[in-house]
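What follows is one structure encoded as structure tokens, with my remarks underneath.
The values are calculated or read from the model by the stated rules, or taken from the named source; none is laboratory data. Because the structure is a prediction, the values reported are computed rather than measured. Cβ: placed from backbone, ideal geometry, glycine included. Neighbour counts: every protein chain shown. Calculation scope for accessible area: heavy atoms of the full protein, side chains included, ligands and nucleic acids excluded. Shrake-Rupley method; radii C 1.70, N 1.55, O 1.52, S 1.80 Å.
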Amino acid sequence: MVKKKNGEWRICGDFRRLNSVTIPDRYPIPHIQDFTFGLKGKQIFSKIDLVNAYYQIPLDEDSVPKTAMITPFGLYEYRYMCFGLSNAARPNISETH
């Protein structure tokens, strides 16, 4: 637990051990020209709030128990990507959140 500036408490997970046994995803970042070329003729777009992006990307259901943290207030698990967790993003493309 870490105290916030406003005096409230925040749950903090240490995922170093989990990340050490995780094989990193390797997705090359596309060139902006290639990316924008792929938008030509498209009519439907979606967006993600980049300020809160991590907290909007759902975890794969099998990965949720791996984020479990024991606190004085009980056991907590992340259902959405959290900071410090590698390879957390496994959203289902067909979902409309």
For this session: Could you tell me whether any residue of the range 25-32 is touching a residue at least 60 places away in the same chain (Cβ under 8 Å), part of a loop (DSSP other than H, G, I, E, B) and of a type in the set (D, E, K, R)?
Result: yes
Problem set entry | Residue tally, condition modelled with pLDDT under 85, outside any strand (DSSP E or B) and open to solvent by 100 Å² or more (accessible area, probe 1.4 Å), over the range 1-22 | 0
Problem set entry | Total residues in the range 61-97, condition modelled with pLDDT under 85 and open to solvent by 30 Å² or more (accessible area, probe 1.4 Å) | 15
